[in-house]
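These notes are about the structure you will find just below.
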Amino acid sequence: MEQNVRVCAACHSVEPDRNLTGPSLANLWGRKAGSLPSFERYSDALKASGVIWDDRSLDAWLTDPARMVPHNEMPFRGSRTHAFARICWHSSRRPPSRGLCRSEPPKTA
């Protein structure tokens, strides 16, 4: 499963406001697509899409991003078997313990 996480981690971080080629996925759930203030390279298409990230929109995006939001600039082409990407995206949703990635560094005593 660690290899699955690396697919997302090549372009995305799950640490808040740590953007790479793509935006941080931390606190993604319920956020409007293209709205992370610390990331400035969203496509106009994604910013204007009106998409709010949830289970349904995430599944559509990971299956076929170009069909969901034509003219977006994400290089990931999508996959019907997108479990590897879903792992990272789900890690940014609710409590970090729900996913394999963490949306914040683990707390130390």
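Read the figures in this text as sums done on the coordinates, not as results from a lab. Being a predicted model, the structure only gives us computed values, none of them experimental. No Cβ is skipped: glycine too gets one built from the backbone with ideal geometry, and neighbour counts run over all protein chains shown.
Values as computed for the structure displayed
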read-out: Selection within region 7-53 - over 16 Å from MET74 (Cβ atoms) and free of Cβ contacts under 8 Å to residues at least 12 places away in the same chain; value: ARG18, PRO37
read-out: Residue within region 12-19 that is at positive phi and over 12 Å from the mean Cα position of the chain (by Cα) present; value: yes
read-out: Subset of region 60-69 [of a type in the set (D, E, K, R) and within 10 Å of SER79 (Cα to Cα)]; value: ASP64
read-out: Residues satisfying the stated conditions in region 21-42, i.e. exposed (fewer than 15 other Cβ atoms within 10 Å of the Cβ) and either among the aliphatic types (A, V, I, L, M) or over 14 Å from CYS8 (Cβ atoms) (or both); value: GLY30, LYS32, SER35, PRO37, SER38, PHE39, GLU40, ARG41
